[in-house]
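What follows is calculated from the coordinates using simple rules that are stated; it is not laboratory data. Everything quoted here is computed from the prediction, not taken from an experiment. Here the Cβ positions follow ideal geometry from the backbone for every residue, glycine too, while neighbour counts run over all protein chains shown.
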Amino acid sequence: MTKKATIYIIVGVISIIILIIGYTIIHFEAEFGVRIVKNNTIQYVETIRRSLRYQMLQNRKEDVKQIIETIGLQDQITEIRIFDKNGKIIVSSKDSNVGTYVEKNAEGCNSCHLDDNVLLIQEEPARIYKTKDGERLIGVMHPIYNEKQCFECHSPSQKILGVLDVAMSLKEIDDTISRNKKILYVFLLITAILISIIIAKFTSDLQTINKQLIQVNKQKSEFIRKVAHQLRAPISAIQSCLNVVTEGYGPKNIHMDMIKRAENRTRAIIPLINDLLDLASTEELKKNKPRESIDLDRMLYKTIALMNEKAEGKKVVLSLLIKETLPQIKARPEDIDDVLINILDNAIKYTPSNGKVEVVADSDSKKIWVEIKDTGVGIPDDDINHIFDEFYRAENARTIEKEGTGLGLAITKKIVEIYSGNIIVESKVNIGTKFTIVFPVS
């Protein structure tokens with residue numbers, strides 16, 4: 001199963017769960033709302049029955065009619081009526097229905113009668129039903145009984161004076177439920193979309209992180225391979241030289257020569273180990289080691305003085321121009337010193353006799369830059385994009401200087417970037433190279 005298919009399944013499952021929860025909420029809201037309306041309607045009809053009871057007992061038909069007509073004017077009342085035991089409507093809020101009979105198969109009759117003769121006990125005084133137009137109504141029926149004190153107005157054999165039947169519209173609550181459904185469905189849809197986006201983003205981030213981890217692991221393996229390669233040759237040579245001595249091969253006068261060769265090989269390993277330690281220390285810099293304010297112009301003068309002896313030994317002219325007093329930067333002095341020495345050392349090393357190495361420093365309100373320009377062998381176009389890679393050395397550089405770790409510029413770039421700086425290189429073969437180091441002003 002692909003990752004994309006897995007995402008779709010997860011989103012689908014979450015959407016279904018949300019819809020089920022939404023449907024449950026809507027169903028509960030509808031049931032709860034109807035229950036409240038039922039209870040309120042039953043209490044309301046009981047109040048109407050009590051107001052009509054005395055008028056019915058006294059046989060005051062006009063008063064009964066007036067009360068029913070008045071109550072029937074209310075918006076939520078669909079119809080209020082009283083019918084006798086035969087189903088004849090005695091009084092109604094709708095005059096056209098007075099004198100007509102309630103149909104035997106009408107909803108109101110079916111709620112009490114199983115057939116023409118069997119009377120059922122109403123467990124629920126309120127009933128909900130639909131009209132032919134699909135409108136939902138809630139109906140409540142209450143019998144109004146004859147009482148002894150009113151036998152003068154009504155025959156004692158008449159047990160029920162009439163049945164009060166009130167029908168009220170549920171349109172308002174149905175409209176509310178319908179509106180809430182739409183709102184909830186829109187909310188659920190938006191929620192599902194947002195969850196889908198979040199899951200997709202989260203999955204994308206995980207994939208990106210996974211790719212980065214794979215790349216880091218690949219780089220780590222490649223780095224270890226390169227270190228092993230750099231160490232294997234000198235260590236193998238040392239081992240071969242020492243084997244001659246320990247195994248007693250050849251005349252004894254060559255043993256001392258073998259020991260000296262082994263010693264020379266160790267001298268090639270030590271710079272590599274030092275560079276590896278420097279490279280590891282750049283990672284420690286990321287942990288916010290204490291920094292201090294540095295006068296870069298003073299450090300430049302000091303570094304030039306330090307490197308001048310090497311330049312003179314190669315008959316290379318080393319010069320420094322600071323156009324104006326440079327602002328301070330926040331850094332560890334030894335780190336900035338390493339950056340300047342690494343680049344100046346390379347510039348002198350790969351510049352032939354009678355060449356020049358010029359250092360120019362300047363600044364503005366936001367940044368400081370140091371240009372180190374030489375008239376050396378230059379860097380081929382194919383190599384220039386790789387010179388900051390670990391263990392990388394350009395072909396023409398290896399021809400001039402066989403010894404070297406290829407870590408100097410990698411360390412330099414890491415240090416500069418840790419201090420939010422940048423290093424730019426421009427070069428032409430047999431003309432020279434210019435490194436520009438840029439640091440932000442503290």
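For the reader, a short list of remarks on this structure follows.
- Label sites at Ala200 and Thr176, each approximated as a point 7 angstrom past Cα along Cα to Cβ, lie 3.9 nm apart.
- Annotation for the range 167-256: GluC sites (Glu not before Pro) lying in DSSP loop with at most 11 further Cβ atoms inside 10 Å of their Cβ are Glu247.
- Highest to lowest packing among 340-350, 133-143, scored as the average C-beta count within 10 Å: 340-350, 133-143
- Pairs beyond 27 Å (Cα-Cα), from Lys330/Lys434; Lys220/Lys366; Lys211/Lys366; Lys211/Lys330; Lys201/Lys366; Lys414/Lys434: Lys220/Lys366; Lys211/Lys366; Lys211/Lys330; Lys201/Lys366
- Approximating the spin labels as points 7 Å out from Cα along Cα→Cβ, the Ser353-to-Leu184 distance works out to 9.4 nm.
- Cross-link pairs Lys94/Lys182; Lys252/Lys349; Lys38/Lys88; Lys314/Lys373; Lys314/Lys367 - those with Cα-Cα distance over 28 Å: Lys94/Lys182; Lys252/Lys349; Lys314/Lys367
- Per-residue Cβ neighbour rank within 10 angstrom, fewest leading, Val357, Val244: Val244, Val357
- Look at Asp205, Asp362 and count the other Cβ atoms within 10 Å of each Cβ; fewest to most, that gives Asp205, Asp362.
- Share of pairwise Cα separations in the range 288-393, more than 17 Å, in percent: 58
- Modelled this way, with points 7 Å down the Cα-to-C-beta line, the labels at Ser221 and Ser155 are 10.7 nm from one another.
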